[in-house]
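Below is one structure; the comments refer to it alone.
The values are calculated or read from the model by the stated rules, or taken from the named source; none is laboratory data. Not measured: the values here are computed from a predicted model. Using ideal geometry, Cβ is built from the backbone for each residue, glycine included, and neighbour counts are taken over all protein chains shown.
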Amino acid sequence: MEEHLPTRVQRYLRGELPAEEQVALEALLKRSPEAREELALSRRLHQDIREEYSPHPRPATPPRPVRNHLAIPSPSTVGPLGSRVFWLSFIGLGIVLMLSSVYFWSRSIDRTASVDAAYLEPLEMDLPFMVDPAEEGPLNRAIQAYRVADYKSATSGFNQYLQSHRDINARLYLSVAQLMVGQNEAALSNLKVVLGQSKGSVRAASQWYLALAELQTGQQIEARLLLKNLRADDVYGIRAQELLAELDRDL
């Protein structure tokens, strides 16, 4: 029995020993520490085997996901009701942003229209021109068209004339005509030339209309600087103060 103790202990634990051998092994266990140690070792081994090959192993704990607070949840993960709320909120936010854009765009259009209506008036044809009334040149045609408010024809005539002449007065009236027909960028460019080369009443007029052209092209900061630099006792300076006050009310 001593020689086959491990085998007998394993059969004992599996319940395979005959009754008389089981009695004999239990008597041995009572008097032999080595037999008891073998039994304890075999029991631990059997316990480990049962846990390893159990048909219902304990499920492993899945790793805890890291939440991304910046990510937009997928509608498929929030359930039917959550999905509906998610999409309604998303659509509602889009509508709010669209209406806000339309509102501010309409305000900018209205502001430009109010400036046009109140202040964008043609310059009076009172500057001297050295023109022969009987001459049928482009300058004469441009002046006549300007005087009858045909600013499109006036623009064409002044442009043709300025291709072969350096006339600061003609360029000023060309710029105003361009403003009147909505050619704001072209007027802006010409008015900067006039402002840099003129003085006196021509300079004041060019500064005033340049400020209007800046407003028409969305350059309000530059327009404000031009308006503030106009002389307060000048006719354009008085109108500049009125326009500045109106722009402040629109903010």
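Do we find a residue being over 19 Å from L120 (Cβ atoms) and assigned to a helix (DSSP H, G or I) anywhere in the stretch 183-192?
First pass over the stretch 183-192, keeping only residues over 19 Å from L120 (Cβ atoms): none.
Within the stretch 183-192, not a single residue is over 19 Å from L120 (Cβ atoms) and assigned to a helix (DSSP H, G or I).
So in the stretch 202-243, with the set limited to residues that are among the polar types (S, T, N, Q) and part of a loop (DSSP other than H, G, I, E, B), which one is farthest from L123 (Cα to Cα)? Break it down stepwise before answering.
Step one: list which residues in the stretch 202-243 are among the polar types (S, T, N, Q), which gives 206-207, 216-217, 219-220, 229, 241.
With the extra rule that they be part of a loop (DSSP other than H, G, I, E, B), the set shrinks to 217, 219, 229.
On the way: T217: 20, Q219: 22, N229: 20 Å.
It comes out as Q219.
V202 - would you say it is surrounded by fewer than 20 Cβ atoms within 10 Å (Cβ to Cβ) and free of Cβ contacts under 8 Å to residues at least 40 places away in the same chain?
Numbers: surrounded by fewer than 20 Cβ atoms within 10 Å (Cβ to Cβ): yes; free of Cβ contacts under 8 Å to residues at least 40 places away in the same chain: no.
No.
Determine whether the stretch 160-172 contains at least one residue that is part of a helix (DSSP H, G or I), farther than 23 Å from A211 by Cβ and in the same structural domain as L215 (by TED's automatic domain parsing). Give the derivation first.
Filtering the stretch 160-172 down to residues part of a helix (DSSP H, G or I) leaves 160-162, 168-172.
Pick out the ones that are also farther than 23 Å from A211 by Cβ and you get 160-161.
Still in the list and also in the same structural domain as L215 (by TED's automatic domain parsing): 160-161.
Scanning the stretch 160-172 turns up at least one residue that is part of a helix (DSSP H, G or I), farther than 23 Å from A211 by Cβ and in the same structural domain as L215 (by TED's automatic domain parsing).
Please list, ordered by residue number, the helices (runs of 4 or more DSSP H) wholly in the stretch 1-73 having 1 or more residues that are at pLDDT below 65. Break it down into steps so the answer makes sense when it comes.
Values: elements: 5-14, 19-31, 33-52.
Once the helices (runs of 4 or more DSSP H) in the stretch 1-73 are filtered for at least 1 residues that are at pLDDT below 65, what remains is 33-52.
Which of (1) among the small types (G, A, S); (2) over 33 Å from the mean Cα position of the chain (by Cα); (3) farther than 28 Å from N159 by Cα does S206 not meet, given it meets every other one?
Status for S206: all satisfied but (3).
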